[in-house]
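The values are calculated or read from the model by the stated rules, or taken from the named source; none is laboratory data. Keep in mind the model is a prediction, meaning the values are calculated, not measured. In this analysis, Cβ positions are derived from the backbone assuming ideal geometry, glycine residues included, and neighbour counts consider all displayed protein chains. For accessibility, only protein heavy atoms count, side chains too; no ligands or nucleic acids. Shrake-Rupley method; radii C 1.70, N 1.55, O 1.52, S 1.80 Å.
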Amino acid sequence: MRVLPPAVRACVLGVVLAAAACAAPALLPGSAVSWPAVGLLAALCLGCEAARVLPFRGRGMPEGIGPFFPVVLAAVFLLPPAAAALVALPGGLAQPAAGRPVAVRRVWHAAQQAVAAWTAGRAYGLLGGREALAGPAALPYALLPAAVAAVVFGLVLTVLDTAVVAAAGGRPAATARRGAPALPRTAARRAPALAPYCLHGLVGLMAAVMWHSPYGPPAALPVLLPMYVSCWVFAQYQREHTAHQATVRALVQAVDIKDRYTRGHSERVGQASAMIARELGMADDVREVVRIAGILHDVGKLGVPTRLLRKDGPLTPEERRVIELHPEYGHEMVRGIGFLGEARSAILHHHERIDGSGYPYGLRGEQIPVPARVVAVADSFDAMTSTRSYSRARPVETALAELERCAGSQFDPVMVRALTAAVGRHGWHPVVTSDGAPRAVPAGPAAPAAPGEVLPGMPAQGRDAAQTGPSGPGRAGP
């Protein structure tokens, strides 16, 4: 406890005392608590939490959405609030702690879940849930109290996590989620959405209904099986998604290491591509494909000699032809990565032009895949608004005007208008510049060009300059 800030210690201590007060009535002599039911449900909580370490389960279930929550909510529906708080304690104490101090984190999990279970039990009782569950038509009439109890359970967990984050960072609770807490490391990432808790509540209610059936408690156990199968499936999805993100990061880092002059370019192109896709109203899955395509559009540079990528002077025609192979190199590199999907077509065709004078295949108009047309605009926009060793950043307005001028010849006018509208609405806040420091490109008239600098309308003379001139000999981001 001594390693925690005083405000966090006070918060933890307060929640622990509240949990003790919630559970204490069940321990008093003469309390009407069914200890066999408490013991069975508490053992189920421990068993569900222990399932985290089984090989078939995999990893990836978000911390804070415990696999034993349906059991806790079943206890909320079956037992008095104080007994439900007791049931929540073992699973909370066994819950993994994502950092130090481990003991304090586990106590925190147990205490907050006990308080949440007690509060949910009180709400459930006030709405007549126990009477409805014991009646002849339990399920329809108990649905509303159970749904409210599940929402209250999730709200209490969220509020307590937000409070400890605010205590850790010394920020107001309204902004606490933006920081990193000192106690529950993933509390700031906990989504405020309550849908998972409603699902847990429904499963818990079904288990409670079966518990009251003529078959007794054993009938409640099969009800929980579909929930844990779905948790296992979700865990596998999370694990696969994490692996995908790690693959993308590794490829981007490899490109940045090889071509140090364009460090951060990939992330910024992905950012601009996502802005265009969002402006066009693309579905979330398509928007993610476009974003990844923007991030990986230059992965083929890994196959280009480093001396060409880092050359300060103009490229010879032979050197440019070598660099122009990078879209095909990139496509070959990611051919076997199944999750990239349509992103592969953008990697291959992001240097095609609407008028058919692009490379590698000279596609024109609608022949060019939509993701490639999006990335082409985002690529050139970032090339013009980023400082390179061979060119200075241009103002955003100048870059957008140049894109508009070349719309219909080099760029798809629809994509250009979408980027212009998105930047006008949200501004352009680049993720990172070539030197690694966040910086916005200033607005206003363009500054005079330095000797040898690539200006809009001039043939590109470096490795990653924007080709936006009417004559079209330059290339955007080769």
Q | Probe 1.4 Å - accessible area at Val152, Å² to nearest ten | A | 30
Q: Report the calculated FRET efficiency for Glu328 and Glu288 (r = Cβ-Cβ distance, R0 = 35 Å), to the nearest 0.05.
A: 0.90
Q. Once the piece of chain linking Leu28 and Ala243 is laid out straight, how much longer is it, given 0.36 nm per residue of separation minus the C-alpha distance between them?
A. 72.3 nm
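Rounded to the nearest 0.05, what FRET efficiency do Arg307 and Asp355 give with R0 = 45 Å and r taken as the Cβ-Cβ distance? Could you check?
Numbers: r = 32 Å, r/R0 = 0.71.
The formula returns an efficiency of 0.90 here.
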Q) Using a basic spin-label model with each label point 7 Å from the Cα along Cα→Cβ, how many nm lie between Tyr141 and Val414? A) 5.7
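Just by accessible area at a 1.4 angstrom probe, what is the order of Cys45, Cys11 from largest to smallest?
Details: Cys45 0, Cys11 25 Å².
So, going from the largest accessible area down, we get Cys11, Cys45.
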Q | Probe 1.4 Å, all protein chains present, accessible-area order of Phe339, Phe68, largest first | A | Phe339, Phe68
Q. Bin by bin, in steps of 10 Å, what percent of the Cα pairs in the stretch 253-356 do you find, going until the bin that has the longest distance?
A. 15, 42, 33, 9, 1
Q.
Using a 1.4 angstrom probe on the protein heavy atoms only, could you order Thr242, Thr162, Thr247 from most to least accessible area?
A. Thr242, Thr247, Thr162
(Q) Just to verify a number: what accessible area does Arg417 come out at with the full protein assembly present, 1.4 Å probe, Å² rounded to tens? (A) 140
Q: Whole Å is fine, so just give me how far the alpha carbon centre of the stretch 354-371 lies from that of the stretch 403-426.
A: 17
Q: Please calculate the 1.4 Å probe accessible area of Thr420, with all protein chains present, and give it to the nearest 10 Å².
A: 50
